[in-house]
Amino acid sequence: MPLEILGTAATGLGAGLALIVAIGAQNAFVLRQGIRGEHVGLVVLVCMLSDIVLIGAGILGIGAVITAVPAVVVVIRLAGAAFLLGYAALAAKRAFRPGVLTAGGRQGSLTRKAVLATALTLTWLNPHVYLDTVLLLGTLANQHGELRWWFGAGAALGSVAWFSALGYGARFLRPIFARPGAWRVLDGLIAAVMLFLGLKMALGA
């Protein structure tokens with residue numbers, strides 16, 4: 001049994017990492033805050049706890065409710081698309097604005113409340129979070145019967161490890177972002193990612 005538990009948890013860990021380790025709006029925000037060193041712990045905590053709650057909800061069968069009421073996903077998709085397009089516009093403005101931030105600069109810093117609101121919005125208004133985390137991970141977990149919570153624990157561990165590494169590991173990139181031009185490139189890339197994801201979400205792709 002211990003080996004079976006370990007194997008199930010490891011499977012959950014792999015599945016969780018496969019879903020969250022990808023270029024996306026949430027990861028781009030975590031990376032940017034990590035490089036800036038602003039409220040990193042808060043951002044990481046929000047992302048980790050949100051994933052843990054969503055994984056648990058999937059195991060409890062909340063995914064069936066989402067499947068039964070597809071209008072919920074549509075509303076979330078449209079709201080998320082609007083937010084992403086707005087965020088893309090702000091990132092583009094930062095990229096083209098003269099005197100862009102350096103890693104140690106405070107100009108344009110986000111308050112704790114703004115960081116919290118952005119992290120929550122990027123997480124909970126992303127319909128793919130529900131489709132991937134709740135539906136997919138929930139379905140995979142429940143295939144393991146009595147060991148489903150061990151699968152969920154492995155997936156949750158993957159989330160904790162990834163967001164901690166991304167948020168706190170980003171500080172090693174600060175020497176690069178001591179140059180203002182590097183921030184313009186990063187914000188330009190973030191704007192492109194947010195624009196692509198926002199349009200894709202708005203079109204239902």
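None of the figures in this text is laboratory data; all of them are computed from the coordinates on show. None of these values were measured; they are calculated from a predicted model. Cβ sites come from the backbone with ideal geometry, for glycine too, and all protein chains shown count toward neighbours.
Counting alpha carbon pairs within less than 8 Å and at least 6 residues apart, what relative contact order, in whole percent, applies to the chain? 48 percent. Extension gain, Val75 to Leu199: 0.36 nm times the residue separation minus the Cα-Cα distance gives 43.1 nm.
Please report, in debye to the nearest 20, how large the charge dipole of the chain is about its Cα centre when each Lys and Arg carries +1 at its beta carbon and each Asp and Glu carries -1 there.
Around 1100 debye, computed over the chain.
In the chain, taking the dipole from charged Cβ atoms about the Cα centre, the farthest positive-side position among Ser164, Leu49, Val193 is held by Val193.
Over the residues of the chain, the helix contribution to mean residue ellipticity at 222 nm works out to -24500 deg cm²/dmol, using -39500 (n - 2.57) for each DSSP H run of at least 4. Long hydrophobic helices in the chain: the complete DSSP H runs spanning 20 Å or more by Cα along their own axis with mean Kyte-Doolittle hydropathy of at least 1.0 are 2-20, 40-60, 70-96, 180-202.
How far, in nm, would the chain grow between Gln143 and Tyr168 when pulled straight, counting 0.36 nm per residue and subtracting the alpha carbon separation?
Extending this stretch completely gives an extra 5.6 nm.
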